[in-house]
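Reading through the structure tokens given below for one structure.
The values are calculated or read from the model by the stated rules, or taken from the named source; none is laboratory data. Quick caveat, the model's predicted, so the values are computed rather than measured. Reconstructed Cβ throughout: ideal geometry from the backbone, glycine too, with neighbour counts over all protein chains shown.
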Amino acid sequence: MRPSAPGDAALRLSWLPPRPNALLALATQTAAEAWRCVRTDPGAVFLIARHLPSQPGLSPQILESAAPLATARRLLARATPPQPDWSNPELEPIYQAAIRHALLAERWARKLGQCDPEAAWLGAWTAALGWLAVAVADPGAAAECWRHPVYTSVFAELQRRLWGLDAGSLARRLARRWGFPPWLSVLAGSLHCPAELACRLGADEGVFRIVQWAGLLAAEQGADLGYGISFSREELAAGLSISPDDQLTERDDELFIDEPKHAGAPNRDEALCCLLDLALALRERPGTAGNDLLETEVDRLHDELARQSRTEKDRLEARKLRALAEFAAGAGHEINNPLAVISVHAQQLLQEEEDESRRSSLQRILRQTERIHQILRDLMQFARPPRPRRQECDLCHLVHEVGDQLRPWAEEMRVRLNIGECVEAAPILADVGMIRTALTCLVRNAIEAASPEGWARVWVERGDGNWRVVVEDSGTGPPPRRQDLLFNPFFSGRSAGRGRGLGLPTAWRLVQENGGNVCFEPSRETPSRFVLSLPAHPSVTTPLPVEGDALRRTA
């Protein structure tokens, strides 16, 4: 499919124009002084990237050579796009996200010593190339995508709709057309790949792992450009041999640029007298149709790899939880037998005991055995739920039923519980009791996660062949490093004694038994969002509502 205007305009860029003072620094200053001036200018960074060697690193000879100036001379003779103003409020968030990624990559490269810090800096900028190119070619389109209220994991889909190509596809094309070396160009649009695969494609392992690790940290700090890095903190840290004690995220005030921040787009006339000799009327050879076809095929392969990685991760997660369920079932059975013996003997002793202090102790024992028994019952519901007795039912009705049941408790917790308004029925074929229990677990979790005077809201929307129940709350959401543990039995993000950690895994298991799924799916609007999805009933013949219509969300 032909790219829409923003993506097409970005692909026509022959370069990102550097600031005039950056070109002047390359022409007149030493390597160290020049690098200090150009390192925060994307145009200058990408100009230097065209002349890097096949081995990762940035040598002083490159900054002091005539090659970058010769390229600038050639490109200035062409119709040059406007000088980007990175302090523009619409573009600054994108620029600052790229800066934070580069700073983190450089810092960790210095800390670990596994790659050249300047190479890591260049790699982080290259990862953002697609975003920056659209920001230069069509600032409004870049700003619209950044402002769009979607979670960054679907940035690529949104960009394809708004731009015609996603940022990764743009970055791969431009890095190749601009002549970046393989170890650098592989970083364009490939941070979602395993390091082993990236190395087979030409990446340097040290640089790739550092840039990928820094991208994850930047996303945790709110500087997420949607690279699709689905690996956990622990997985990436293991690849770099980073111990848990060394994984602390830097504070915002610890990451800074030591050179003055350039404000606004510079006046090109200020430096033109020093740069007139850079003008030569040469043109860049356009790409061929065969290359375009190859690039499209690479995009398709990247998309397939990303989908396969997500599917494999979901499959492994499901296998892990099912293995935990089998373990829990066996452990619950083994614990329940001696517990029953303790309970029977405590009851017999209580009937015969006349001493009040001993009676009190025996009663405490019985209360604790009953508590353990209740925990085991909840655990067995996760481990070995009954076989579903499916029947046609209305998911919207079940949501309102659960909402009415939990609203008094929510008021007691001083949490506003909002249930979306029903527009029409959402028929499903499922076990009513199991789905009601799963919904109760999810809504209870939202109410507990919301602080007093906070809110929890629930609505139903139409998905792709299924119905989705979205449960959000005003809580802070789980930390990124704990998100992979949310559905593990006995894991709880709350303080000790406030929860058993069985609500979410029970909801997941019961919905899985009915052919659906429960997943954690945060958004830009709130970091706390869980989605329960179930197949739409196949007998539905009336038109299904568009997404968000079945239950209208209320604030």
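Results, tabulated for the structure shown:
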{"read-out": "Hits in the range 88-98 - residues which are farther than 13 Å from G215 by Cβ and touching a residue at least 24 places away in the same chain (Cβ under 8 Å)", "value": "N88, E90, L91, P93, I94, Y95, Q96"}
{"read-out": "Residue list for the range 410-424, filter: surrounded by fewer than 14 Cβ atoms within 10 Å (Cβ to Cβ), over 13 Å from W455 (Cβ atoms) and either more than 31 Å from the chain's Cα centre (by Cα) or of a type in the set (V, I, T) (or both)", "value": "E412"}
{"read-out": "Residue that is farthest from G189 (Cα to Cα) [pool: residues in the range 228-238 that are surrounded by 18 or more Cβ atoms within 10 Å (Cβ to Cβ) and small (G, A, S)]", "value": "A237"}
{"read-out": "Total residues in the range 54-109, condition part of a loop (DSSP other than H, G, I, E, B) and either under 18 Å from W121 (Cα atoms) or not charged (D, E, K, R) (or both)", "value": "20"}
{"read-out": "Among the candidates A109, A128, A97, A135, residue that is more than 14 Å from L170 (Cβ to Cβ), among the hydrophobic types (A, V, I, L, M, F, W, C) and either modelled with pLDDT under 90 or in contact with a helix residue (DSSP H, G or I) (Cβ under 6 Å, 6 or more places away or on another chain) (or both)", "value": "A109"}
{"read-out": "Failed item in (1) buried (at least 24 other Cβ atoms within 10 Å of the Cβ); (2) farther than 17 Å from L122 by Cβ, with L197 passing the rest", "value": "(1)"}
{"read-out": "Filter result (modelled with pLDDT of 90 or more and either among the β-branched types (V, I, T) or part of a strand (DSSP E or B) (or both)) within the range 445-465", "value": "I447, W455, A456, R457, V458, W459, V460, E461"}
{"read-out": "Where A66 falls short, out of the listed (1) in contact with a helix residue (DSSP H, G or I) (Cβ under 8 Å, 6 or more places away or on another chain); (2) small (G, A, S); (3) closer than 14 Å to L23 by Cβ", "value": "(1)"}
{"read-out": "Pair list, Cβ under 8 Å, 6 or more apart: the range 16-35 residue closer than 24 Å to L129 by Cβ, other residue aromatic (F, W, Y)", "value": "L16/F46"}
{"read-out": "The range 469-521, subset of a type in the set (D, E, K, R) and part of a loop (DSSP other than H, G, I, E, B), residue modelled with the highest pLDDT", "value": "E521"}
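The rows are residues; the columns are (1) at pLDDT 85 or above; (2) farther than 12 Å from H101 by Cα; (3) not assigned by TED's automatic domain parsing to the domain that holds H101.
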{"site": "L225", "(1), (2), (3)": "yes, no, no"}
{"site": "S230", "(1), (2), (3)": "no, yes, no"}
{"site": "R233", "(1), (2), (3)": "yes, yes, no"}
{"site": "L240", "(1), (2), (3)": "yes, yes, no"}
{"site": "D253", "(1), (2), (3)": "no, yes, no"}
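Yes/no per residue for (1) closer than 30 Å to L158 by Cα; (2) surrounded by 14 or more Cβ atoms within 10 Å (Cβ to Cβ); (3) aromatic (F, W, Y):
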| site | (1), (2), (3) |
| --- | --- |
| T28 | no, no, no |
| A31 | no, yes, no |
| P42 | yes, yes, no |
| V45 | yes, yes, no |
| A49 | yes, yes, no |
| P53 | no, no, no |
| R74 | no, yes, no |
| D85 | yes, yes, no |
| L91 | yes, yes, no |
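Here is a yes/no grid of residues against (1) out of contact with any Cys (no Cβ under 6 Å at 6 or more places or on another chain); (2) surrounded by fewer than 22 Cβ atoms within 10 Å (Cβ to Cβ); (3) of a type in the set (A, V, I, L, M, F, W, C); (4) at positive phi:
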site	(1), (2), (3), (4)
A171	yes, no, yes, no
L174	yes, no, yes, no
A188	yes, no, yes, no
G202	yes, yes, no, yes
A218	yes, no, yes, no
G226	yes, no, no, yes
